[in-house]
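The values are calculated or read from the model by the stated rules, or taken from the named source; none is laboratory data. In this text, all values refer to a predicted model and were calculated from it rather than measured experimentally. Here the Cβ positions follow ideal geometry from the backbone for every residue, glycine too, while neighbour counts run over all protein chains shown.
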Amino acid sequence: MAYDDKRGRRGHDQPVEEKQYDERVVNIDRVARVVKGGRRFRFRALVVVGDHKGKVGIGISKGSDVTTAVSKAVEVAKKNFVNIGIIKGTLAHEAEAKVSGSHILIKPAAPGTGLIAGGTVRTVLEVTGVSNALSKSIGSSNKINTAYATLAALQSIQPRSKWLTGQVEAKKTRTPSDNKKTIKPKAVGAKK
């Protein structure tokens, strides 16, 4: 019997499916429902899914065991994908958002700075594809609210094409009649 592959089998191995998205489990909690006979325990999973190219989604789901909770949360995250504009591995401008008690501030950083963020914010930024950014988490450390606040801050970032600068704004406020020179009629017999 000849062995051709690493597992020792010939021709019977199934093709390994490469994952299209990076799925990260941020938090798993055991939650309880109180019923007449006592407590019924389930698991709640918080999952962040992204493609490292600006596409990210967050999902929360419950299940009777950890694996079902995680797989259901991944499905919820994939249904709620959001596109984020990333410029050369960083953000276009600084942004902040507040969800419940969590307040998140994220800023762009120079190449080589890396991700200066902790916990949930770091996971969301990594999965999104941001490689250089600064962040500050203020207020509550609740992981669910922090994840949604980070996503809200990323969604609030405007692409460069939608930026309004002072020069563009001044051009838009002028009317066509402002550009014409008005000629005042000279009075008859006026001295120069």
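Things worth noting here:
- Scanning region 21-39 for residues that are more than 13 Å from the chain's Cα centre (by Cα), part of a loop (DSSP other than H, G, I, E, B) and touching a residue at least 40 places away in the same chain (Cβ under 8 Å) turns up at least one hit.
- Some residue of region 25-48 being outside the structural domain of L151 (by TED's automatic domain parsing), buried (at least 17 other Cβ atoms within 10 Å of the Cβ) and within 30 Å of W163 (Cβ to Cβ): yes
- Hey, H103 more than 13 Å from the chain's Cα centre (by Cα) and either modelled with pLDDT of 90 or more or assigned by TED's automatic domain parsing to the domain that holds G54 (or both) or not: yes
- All positions within region 40-86 that are among the β-branched types (V, I, T) and in contact (Cβ under 8 Å) with a residue 60 or more places away in the chain: V48, V49, V56, I58, I60, V82, I84
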